[in-house]
Amino acid sequence: MTILIKLLWIAVAIAVALAAGWLFRTAAIAVSRGGLRKALRTAPLTAAFGMLVILLYILVAIFAPVIAPFAEREVVGGQFLPWEAPYILGTDNLGRDMFTRLIYGARNTVGIAFMTTALAFAIGSILGLLAATVGGWMDQFLSRVVDILMAIPSLIFSLLLLTIFGTSVVTLILVIATIDSTRVFRLARSVAQDIVVMDYIEAAKLRGEGLWRLITREILPNAMAPLVAEFGLRFCFVFLMISALSFLGVGVQPPTADWGSMVRENAALITFGDVTPLLPAGAIALLTVAVNFVVDWMLHRASGLKE
Amino acid sequence: MSIVWEMIFKRLGLGLLTLLVISVIIFSATELLPGDLAQAILGQSATPETVAAFRKELGLDLPAYQRYFNWLFGALQGDFGTSLANKRPIADLIATRLGNTLFLALYAAAIAVPLSLTLGILAALYRNSIFDRAANALALTSISFPEFFVAYILIFVLAQSGLFPSMTRMDPNTSLGEALYRAFLPALTLTLVVTAHMMRMTRAAIINLLASPYIEMARLKGINPMRVILKHALPNALAPIITVIALNLAYLITGVVVVEVVFVYPGLGQLMVDSVAKRDFPVVQAVALIFAAAYVLLNLTADVLSTLSNPRLIHRK
Amino acid sequence: MSKLNSPMGGISRRGLLKGATALGAAGLILPASVRKAMAEPKRGGVLRIALASGNTTDSLDPATWDSTFVQSFNTARCNTLTEIAPDGSLVAELAESWEASADAATWTFKIREGVTFHSGKTMTTDDVVASLNYHRGEESKSAAKPYVDPITDIKAEGSNVVISLSGGNADFPFILADYHLVVLPSAEGKIDPTTTDGTGAYVLDSFEPGVSVKMSRNPNYFKTDRAWFDGIDALSIVDAAARQNALITGEVDVIDGVDLNTVSLLERAPGIKVLPVTGNQHFVFPMDTRLSPYDNNNVRQALKYGIDRDELVEKILRGFGSAGNDHPIGSGQRYFNTELEQKTYDPDKAKFHLKEAGMDTLTVQLSAADAAFAGAVDSAVLYAERAAAAGINIEVVREPSDGYWDNVWMKKPFCASYWGGRPTEDLMFSVAYSAGAPWNDSFWDHARFNELLVSARSELDDDKRREMYWEMQAICANEGGVVIPMFASYVNAHSDKVGVPEVIGTNQGLDGLRLYERWWFA
């Protein structure tokens, strides 16, 4: 019986999500115009839902101080208080408001993860495409460097680097982005390798097109799909990496709220059936799913499939 | 085919060079880390005199390059030395743990790879259907949770009811069936962690090709969609799929320290983290080189398979 | 639970100097629920225990035992000359009795006869001398070296071992109960630090560093009323949740280091008992008193009044501990100053002291990592929250746990740390508060305090000695450089099948590291 009730709740949640997605799509179509409007019309409900979630996260991140009922680090009451007003989601192990921490977590976690992933992609895909296009010694050199970096387990390598260089947010972003960019490089290179042997690249080369133009105009558009798919996942892996690093004591510094550390702090409660750690984990999961729904839609558009 | 053999030999040679470079990087990194084994072991009770005496006994008072070359000459003769911390031969320390690590990695891969390929292909076939969305959402949710959290949930659901053990204790007498049973939860945790990545890449790589003229052609000929994907799209989508599989297999070998900790599974990851924390340099080197070698070999295999899957690469002009 | 004190009062000077008998001190008063499980000890069963510590770099070398995991199984494998009884008194172990010279600078230990090692070799006075010498001298890398440094000479005389000290020390036999100072077999005046041999209750069957240790009962053990288990199977499970799961699913019988965040849930699990033991373990925030602003005692006092001790005990220790009073002496110790006023959270007083120091506000950085103690980072965050009300702005810096003791402790001017507690007031003060001591983490140098420390050490009159230690505690609390917010209990949990003694040792975790030989299956 309880299982049926749970299933019912899940069904209700999905229906509400899709309805929200539909409302959002209708509203977005109404306010947009031109190419964007055309594109939005083709968006499936899941993608619309994804966009809505991302938009909400962005708004929450920007207006965190306005929305949050308390200050980020303020100790407001006893520890582990139940879900009652004024603490909508209870309090954490130090008596800070859980809801407030989640909201500030959006700002810190999403901001850091986005910057890291973007940087990793900028470095990784440019070098990867370059290596595949130029080939020869350039490819050999970059591939060997990446091989070496990738052959060292990433968690231990980042721990080493962060211990050596210190643990500010900037070093955190740089270290994770550098390590992650090697993965992007591998993928970009292998995708581009299949493309550079195509006849139209040959033709473009014969036309005498420059390297930069060749990469950005001919190769990148055709390599975009797998890269975009990878972006959606890498974004999520960065959360996990930060969570693991916070666990080792070199992640985001307290008392800054960040979802990865929040999961870690409360994780043990789940083995007693307490759902508290599901809140920050759910926040990460929802965003990951949303981002990847949007990515799927873009992937679909990029593939040129009509159905 | 000769180009493939040439590639394999060249890459194996390069692989050895990679290992050499990595041994230098790891050595320098452990040197750059503040503190050394003597301080790490004596911890709060260290005094300058005891640290100095300890260093002398361990040979840590020698200059860095000398220690590196001593290690290197030993390693080249197949002697990886003894752990600085407990004087045990490194080969003994590593042997059983390496076996455990490989067992768990293979176990997880045996579930995860077929599962994710099947799901990926099905998702591409029924793209944008409810099945596709649900499989995606589930897979994505499972990788959004940190590993230790997935492990805790599985323990809560499957171990506390007594279905599976919450600890994975292995000894040499454990039979294969028993080992598979005991290691089920860690293997399942790892499966959940790696499946999404491989599945999504399979799906993306196949969908990426579906608009190509030759697929269009095949479809227009009236071949059924499953056959189009398996016979026409999949072979050409193999390169990125293989790359991602290789990456994830490497991860299963080198990156599972968290799962090892939660399930009390004596693998190489825990040994590596402990040895880094205690600055036990010969052990760190040995484990890092095993990890690196695993990665290099998997990577080489992936590249060879990718090359074989694309005739244009074999006959590159 | 803070009431679970173990008063160690009642050791008379005569008893200590001549003695070797357990002195009747009041023990732990255990809650009724725990007492019910107690019955007469009986033999049998293999104890399965999961410990929070243990590392793949652990070794058998007594110079390096750095975690409860190695300390406890080696305490089961080996013995020391003296033993700290559960009630905190000193009793005989491999030494049968001891006697001091009048100035307490020369000690004669009569070594027990007929004790054999697991290998069958009979223990001799030469083994004792060699074992103690291993920790001494230029070459020593032992963590116990500072304890044995005052020894100028050790020699065997018949069945006695005579130890000469550089100065009088009335507490010297206590030092020989330290877990590092075990007796191992020797050959030609040297012990082999890698030996698996010992005189202890259990024989080492297998030891896999960082994973497990298996031991079986020593049939020839010289104590007949100890070592009830047939064997020991100890596991290292670093992850707190995994450790609790192992206990809940019945895969182990005892765990240590219970995760205080979930302790209330664990207490509700069927068949499981949580056992907190008040020890002398305390958590500290030392300041470097040589550096500005910590060289100003008013600043130090302001920081001491700016911390909410009760909140920390409640939130970080979940009530399993008691508030500290900025000196390292536990309320259960012999010379604990009962009349010293307990400091409480008082922002006004903190402000007053700041003003005295000529400041309106103060900004300091506090370095912390959970390597210092479980909950150190959270404690620092709470500290910062409360201190803000007094105009003190504490910036919490989370340091990596890795390498914390090398890079942060005694390097950063204000950081988190802990002390396991020492069995005697003299040891505790000498180790961490006397000027120039290697572990004086506040770099504190107080003339009167140092003078009292030396004279109290060799003072034989109990009342005078008490007076001195009381004054030292007051000086330490009001002028010292260490904020000591709380004393933490050791929180273990066990299945109700395990029999627990009525009085539990408080000098170290795991029943004074002797759980293996003192507990049994009910």
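The values are calculated or read from the model by the stated rules, or taken from the named source; none is laboratory data. Not measured: the values here are computed from a predicted model. Note: ideal-geometry Cβ built from the backbone for every residue, glycine included; neighbour counts use all protein chains shown. Just the protein is used for accessible areas: all its heavy atoms, side chains included, with ligands, DNA and RNA removed. Shrake-Rupley method; radii C 1.70, N 1.55, O 1.52, S 1.80 Å.
If you take the alpha carbon atoms of the stretch C:282-488 and fit the smallest convex hull around them, that volume is 107 Å³ per residue. Residue by residue along B:48-56, Cβ atoms of other protein chains within 10 Å of the local Cβ number 5 on average.
Partner chain Cβ atoms within 10 Å, averaged over the residues of C:375-383 - can you pull that number for me? Walk me through the intermediate numbers first.
Working: counts 2, 0, 6, 6, 1, 2, 6, 5, 0.
Partner Cβ neighbours, averaged per residue: 3.
Shown for the stretch B:225-251: residues covered by the partner protein chains by 50 Å² or more of accessible area relative to the chain by itself (probe radius 1.4 Å), namely B:THR243, B:LEU247. Between the residues C:THR363, C:LEU60, C:GLY324, the greatest Cα displacement towards the positive end of the dipole of the protein assembly as shown, with unit charges on the Cβ of Lys, Arg, Asp and Glu, is found for C:THR363.
Applying the Karplus relation 6.51 cos²θ - 1.76 cosθ + 1.60 with θ = phi - 60° to the stretch A:178-191 yields 3J(HN,Hα) values of 4, 5, 5, 5, 5, 5, 5, 4, 3, 5, 4, 5, 5, 5 Hz, where x marks Gly and Pro. Rolling a 1.4 Å probe over the protein heavy atoms gives the protein assembly as shown an accessible area of 38 Å² per residue. As a length-normalised measure over Cα pairs under 8 Å and 6 or more apart, the relative contact order of chain B settles at 28 percent.
The value of relative contact order for chain A, using C-alpha pairs under 8 Å at least six residues apart, is 20 percent. Ordering B:LEU209, B:LEU305, B:ALA159 by Cα displacement along the dipole of chain B toward the positive end leaves B:LEU209 in first place; charges were set at the Cβ atoms of Lys, Arg (+1) and Asp, Glu (-1). Computed with a 1.4 Å probe over protein heavy atoms only, the accessible area of C:ASP348 comes to about 110 Å².
Mean sequence separation of contacting Cα pairs (under 8 Å, at least six apart), scaled by the length of the stretch C:282-488, corresponds to a relative contact order of 37 percent. Across B:THR174, B:THR101, B:THR307, mean-square fluctuation computed from a Gaussian network of chain B (C-alpha pairs under 10 Å connected) peaks at B:THR174. In a Gaussian network model over chain A where Cα atoms closer than 10 Å are linked, find which of A:VAL145, A:VAL263, A:VAL191 has the largest mean-square fluctuation. Among A:VAL145, A:VAL263, A:VAL191, the largest mean-square fluctuation in the Gaussian network model of chain A belongs to A:VAL145. Element breakdown for the stretch C:282-488 at a 1.4 angstrom probe: carbon and sulfur atoms account for 47% of the accessible area.
Quick check on chain B: helices-only [θ] at 222 nm, where DSSP H runs of length 4 and up contribute -39,500 (n - 2.57) each and the sum goes over total residues. Nearest 500, please. Please list the in-between numbers first.
Working: 15 runs with 232 residues, N = 317.
After summing the helix terms and dividing by residue count, I get -24000 deg cm²/dmol.
At 1.4 Å probe size, put C:PHE174, A:PHE165 in order of accessible surface, largest to smallest.
A:PHE165, C:PHE174
Ignoring ligands, DNA and RNA, how much accessible area is buried between chains A and B, both sides summed, with a 1.4 Å probe, to the nearest 100 Å²?
On the way: alone 16650 and 17340 Å², together 28390 Å².
Adding both sides of the contact gives about 5600 Å².
In terms of its C-alpha gyration tensor, the stretch C:89-188 has an oblate overall shape, because the principal axis ratio a/c (a ≥ b ≥ c, square roots of the eigenvalues) is not below 1.5 and a/b does not outweigh b/c.
For chain B, just say rounded, prolate or oblate: build the C-alpha gyration tensor, square-root its eigenvalues into a ≥ b ≥ c, call rounded for a/c under 1.5, and beyond that prolate if a/b exceeds b/c, oblate if not.
On the way: a/c = 2.79, a/b = 1.61, b/c = 1.74.
It comes out oblate by the Cα gyration axes.
Taking all protein chains together and rolling a 1.4 Å probe, A:LEU23 ends up with roughly 110 Å² accessible. Once you reduce the stretch C:203-276 and the stretch B:135-192 to the center of their Cα atoms, the two points are 23 Å from each other. Panel note: the C-alpha atoms of the protein assembly as shown, placed on their principal axes, show extents of 107, 67, 60 Å (largest first). Anyone know which of B:ALA183, B:ALA29, B:ALA246 comes out most mobile in the 10 Å Cα GNM of chain B? Result: B:ALA29 has the largest fluctuation of those listed.
For the stretch B:1-125, count all C-alpha to C-alpha pairs, find those more than 25 Å apart, and express that count as a whole percent of the total. The partial results should precede the final answer.
Values: 4141 of 7750 pairs.
Percentage above 25 Å: 53.
With semi-axes defined as the square roots of five times the eigenvalues of the C-alpha gyration tensor, the equivalent ellipsoid of the stretch A:102-303 measures 36, 20, 12 Å, largest first. Helix C:347-356 axis versus longest C-alpha principal axis of chain C: approximately 70°, rounded to the nearest ten. Distance between the C-alpha centres of the stretch C:126-180 and the stretch B:64-100: 35 Å, rounded to the whole angstrom.
Using per-residue counts of other Cβ atoms within 10 Å, averaged over each peptide, order C:393-399, A:58-64 from highest down.
Numbers: C:393-399: 20.3, A:58-64: 15.6.
The packing order, highest mean first, is C:393-399, A:58-64.
Between the stretch B:200-255 and the stretch C:354-417, what is the C-alpha centre distance in whole Å? Using only Cα atoms to place each centre, the spacing works out to 55 Å. Classify chain C: rounded, prolate or oblate, from the alpha-carbon gyration tensor (a ≥ b ≥ c, eigenvalue square roots; a/c under 1.5 rounded; otherwise prolate if a/b is larger than b/c)? Because a/c hits 1.5 or more and a/b fails to exceed b/c, chain C counts as oblate.
Rounded to whole numbers, the Karplus 3J(HN,Hα) couplings from phi for the stretch B:157-162 are 7, 9, 9, 5, 7, x Hz, using 6.51 cos²θ - 1.76 cosθ + 1.60 with θ = phi - 60°, and x at Gly and Pro.
Rounded to two decimals, the Cα-based Rg/Rh of the stretch C:99-151, with Kirkwood Rh, is 1.05. Inter-chain Cβ neighbour count for A:270-278, averaged per residue, equals 6 (cutoff 10 Å, partner chain atoms only).
In chain B, what percent of the accessible surface is made up of carbon and sulfur (1.4 Å probe, ligands and nucleic acids excluded)? Could the numbers behind the result be given before it?
Details: 8890 of 12810 Å².
Carbon with sulfur: 69 percent of the solvent-accessible area.
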